[in-house]
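Report on the structure given below.
The values are calculated or read from the model by the stated rules, or taken from the named source; none is laboratory data. Everything numeric in this text was worked out from a predicted model, so none of it was measured. Virtual Cβ from ideal backbone geometry, glycine too; neighbours counted across all protein chains shown.
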Amino acid sequence: MEDPRRRIGTQVLILNQAGNSVLLVHPTYRADWTLPGGDVAPGEPIITAARRVLFDRIGLDREISHGLLGDQVPYNSNTGTPERISIVCDGGRMSVTDAAALSVPINHAPETRALEWVPIDLLPRYTEPYIERRIRAAVASIALGHRFPLLYLGEPVTVVV
């Protein structure tokens, strides 16, 4: 049997100013909540994809230059979903004022049902267990100062949105 293709995805972790809540989206195509993100197009730098999907999904433009972790999700033979490598990017912290002003933009992705700031301790109520583990690991990376540059062909990426 031929191995299924791999997909690369990117998600963006944005913390509130206090660092105790994360911004989650509730996509129309999922029962659970997750970090804002999406697929990386072939040849597209991860940073470019992260900024693009963040803007497409929730109308937010954030400076992104570093990753926090990579998470491999295996091929699912029941659904045919290919193996996926997700890179969680550091979207920084958002001020109280900016966080309170967030809402699902009317003219953006119809697959975004809702946005919510979710306290880290309440993640199990919102996310699949593997997504909760991913988010907790990304938050721990920030707390430990573990970030890695996201390069394209060994060079920093300049993104123009």
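Suppose the filter is assigned to a loop (DSSP other than H, G, I, E, B), farther than 13 Å from Trp33 by Cα and under 15 Å from the mean Cα position of the chain (by Cα); does Arg62 pass it?
Against the criterion (assigned to a loop (DSSP other than H, G, I, E, B), farther than 13 Å from Trp33 by Cα and under 15 Å from the mean Cα position of the chain (by Cα)), Arg62 qualifies.
Give me the pairs, please: first residue somewhere in the range 53-82 and of a type in the set (Asp, Glu), second residue anywhere and at pLDDT 90 or above and assigned to a loop (DSSP other than H, G, I, E, B), beta-carbon distance under 6 Å, and either six or more positions apart or on two chains.
Short answer, once both residue conditions are applied: none.
All but one of (1) closer than 25 Å to Pro149 by Cα; (2) under 12 Å from the mean Cα position of the chain (by Cα); (3) crowded, with 19+ Cβ neighbours inside 10 Å hold for Trp33; which doesn't?
(1)
Name, by its number, the condition in (1) among the hydrophobic types (A, V, I, L, M, F, W, C); (2) surrounded by 12 or more Cβ atoms within 10 Å (Cβ to Cβ); (3) within 21 Å of Arg6 (Cα to Cα) that does not hold for Val118.
Failed condition: (3).
Can you tell me which residue is surrounded by the most Cβ atoms within 10 Å (Cβ to Cβ) among those in the range 74-94 that are among the aliphatic types (A, V, I, L, M) and touching a Gly at 6+ places or on another chain (Cβ under 9 Å)?
Here the residue is Val88.
Consider Ala50 carefully, then state whether it is modelled with pLDDT of 90 or more, in a loop (DSSP other than H, G, I, E, B) and of a type in the set (A, V, I, L, M, F, W, C).
no
Going by the structure shown, is Val118 over 26 Å from Glu155 (Cβ atoms) and not basic (Lys, Arg)?
The answer is yes for Val118.
Quickly run through the range 5-31 and pick out the residues that are in a loop (DSSP other than H, G, I, E, B), in contact with a Phe, Trp or Tyr (Cβ under 9 Å, 6 or more places away or on another chain) and at pLDDT 95 or above.
Within the range 5-31, no residue meets the criteria.
Of Ala99, Ala143, Ala137, which residue is touching a Gly at 6+ places or on another chain (Cβ under 9 Å), small (Gly, Ala, Ser) and outside any strand (DSSP E or B)?
Residue meeting the stated conditions: Ala143.
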